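What follows is a short report on a single structure.
The values are calculated or read from the model by the stated rules, or taken from the named source; none is laboratory data. In this text the structure is predicted, and so the values were computed from the model without any measurement. Cβ placement follows ideal geometry from the backbone for every residue including glycine, while neighbour counts extend to all protein chains displayed. Calculation scope for accessible area: heavy atoms of the full protein, side chains included, ligands and nucleic acids excluded. Shrake-Rupley method; radii C 1.70, N 1.55, O 1.52, S 1.80 Å.
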Amino acid sequence: MKVNPAPRPPGFRHALVHADDPVELLAAVAPAARAAARDTGARIAVDLPAPLEQALHDELGDEVELGRLTSLTSSARESGQTVAAWRARELRALTSSGRPVFVVGAHDPDLDGVDGGFWVELEAALNISLAGLPVLQVCAYPRLPLHGAVGESAVANHPLRLRASGLTENPRHRPPAEVLAALPIAPPHLLGPPDVTLSYNTFELSRVRDAVEEAARVCRFDTVRGEDMVQAVNEVATNAVEHGSPEAGLSVWARDGELVCEVQDSGAIALPLIGLAPPHPSQARGRGTWIARQLCDSLHVWRAPDGTHVRLLSRA
């Protein structure tokens, strides 16, 4: 007897739609969302301003259930790669039952920053963090001139375009490394002098763990939150001296309810978007940064003239 295998949903698909106003956005997105719910049983999830979310709900009607993705903390929204890691965590859970998810998001000019780098980083990082998941994400951007590199990178980061005729291939799509080569990932905001600094090597990782554990007590973290941060920093600190340089540095900023740790080594990293995709179960090494991203609120990697920096932040 021949058994036909059950069809597998496609992996991550990332589509750009140009819309200059809510009417145009709804005209493009609503039919695609309705078809995804009807034809594949997809959940519909949005990351939209409340008025636009309500308008989409009214357009789809009660026949389609609309869910909202979790609102991100301010610390996550300062780092596109951190937002991508959070989104992957949430969408991995939503798709665990086997149902695909149709996501609708829209450009928010309040997050453009100095050069638009947040959106460049976020969209490139999503192509890594969501790879393999049965998710179709439609990202809406206006056609009008956009700040910095936002407009050009929006086209480059999306393999698909959503038009009135449906999804089409985007010949101007480029892989994340090429997109980010033209706009290096920016460092996060300055914090002032750290409360603790230390240099360490492979044989002194216990000093790193002790410093973070003490800082977590100063921040009044509970036991679990403190242990999570110690493990996260230990993973990153270990990578720094194993793959970056023989000696690395740790800086710590401890405030009541908030702990920031930054690890710096003198090595060079080709693409800072590391630790976004979950490692394969057979992969013995190379999972440290991914583990660290799961244990803290924000993890941001960037290149600088003095080497590679990783900043981790957790709140109580």
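You will find that of 241, 224, 252, 230, the residue that is over 28 Å from residue 179 (Cβ atoms), open to solvent by 40 Å² or more (accessible area, probe 1.4 Å), of a type in the set (A, V, I, L, M, F, W, C) and at pLDDT 95 or above is 224 and no other. Once the stretch 6-22 is narrowed to residues that are modelled with pLDDT of 95 or more and either open to solvent by 20 Å² or more (accessible area, probe 1.4 Å) or among the basic types (Lys, Arg) (or both), the residue that is nearest to residue 91 (Cα to Cα) is 12. For the stretch 136-151, state whether one or more residues are charged (D, E, K, R), under 27 Å from residue 39 (Cα atoms) and not in a strand (DSSP E or B). No, that holds for no residue. A count restricted to the stretch 170-214 and to residues that are in a loop (DSSP other than H, G, I, E, B), over 23 Å from residue 266 (Cα atoms) and in contact (Cβ under 8 Å) with a residue 24 or more places away in the chain stands at 2. With respect to residue 33, determine if the residue is open to solvent by less than 60 Å² (accessible area, probe 1.4 Å), in contact (Cβ under 8 Å) with a residue 24 or more places away in the chain, within 17 Å of residue 91 (Cα to Cα) and assigned to a helix (DSSP H, G or I). When the stated conditions are applied, residue 33 passes them. Here residue 276 meets the list (1) open to solvent by 10 Å² or more (accessible area, probe 1.4 Å); (2) closer than 18 Å to residue 83 by Cβ; (3) assigned to a loop (DSSP other than H, G, I, E, B) almost entirely, failing just condition (1). Of the residues in the stretch 36-44, at least one is open to solvent by 60 Å² or more (accessible area, probe 1.4 Å), assigned to a strand (DSSP E or B) and not aromatic (Phe, Trp, Tyr). On the basis of being more than 21 Å from residue 121 (Cβ to Cβ), small (Gly, Ala, Ser) and open to solvent by 20 Å² or more (accessible area, probe 1.4 Å), does residue 206 make the cut? Judged against the criteria, residue 206 is a match. Within the option set 130, 167, being out of contact with any Ser or Thr (no Cβ under 8 Å at 6 or more places or on another chain), open to solvent by less than 30 Å² (accessible area, probe 1.4 Å) and in contact (Cβ under 8 Å) with a residue 60 or more places away in the chain holds for one residue only, 130.
If we scan the stretch 86-109, do we find a residue that is more than 24 Å from residue 50 (Cβ to Cβ), open to solvent by less than 10 Å² (accessible area, probe 1.4 Å), in a helix (DSSP H, G or I) and modelled with pLDDT of 95 or more? Walk me through how you get there before you give the answer.
First, pick out the residues of the stretch 86-109 that are more than 24 Å from residue 50 (Cβ to Cβ): 88, 92, 95-100.
Narrowing the set further to residues that are open to solvent by less than 10 Å² (accessible area, probe 1.4 Å) leaves 88.
Next, only the ones that are in a helix (DSSP H, G or I) stay: 88.
Now narrow it down to the ones that are modelled with pLDDT of 95 or more: 88.
Scanning the stretch 86-109 turns up at least one residue that is more than 24 Å from residue 50 (Cβ to Cβ), open to solvent by less than 10 Å² (accessible area, probe 1.4 Å), in a helix (DSSP H, G or I) and modelled with pLDDT of 95 or more.
When residues in the stretch 45-74 are screened for being of a type in the set (D, E, K, R) and in a helix (DSSP H, G or I), 3 of them pass.
Close Cβ contacts (under 9 Å, 6 or more residues apart or on different chains) running from residues in the stretch 220-242 that are touching a residue at least 60 places away in the same chain (Cβ under 8 Å) and part of a loop (DSSP other than H, G, I, E, B) to residues that are of a type in the set (A, V, I, L, M) and open to solvent by 20 Å² or more (accessible area, probe 1.4 Å) comprise 220/316; 221/316; 222/316.
Counting only residues that are in contact with a Leu (Cβ under 9 Å, 6 or more places away or on another chain) and exposed (fewer than 13 other Cβ atoms within 10 Å of the Cβ), the stretch 187-196 holds 0 of them.
The conditions of being over 17 Å from the mean Cα position of the chain (by Cα) and farther than 19 Å from residue 185 by Cβ are not met by residue 133.
In the set (1) hydrophobic (A, V, I, L, M, F, W, C); (2) out of contact with any Pro (no Cβ under 9 Å at 6 or more places or on another chain); (3) modelled with pLDDT of 95 or more; (4) part of a loop (DSSP other than H, G, I, E, B), residue 162 fails one condition alone, (4). Among the criteria (1) open to solvent by less than 30 Å² (accessible area, probe 1.4 Å); (2) of a type in the set (A, V, I, L, M); (3) at pLDDT below 95, the one residue 3 does not fulfil is (1).
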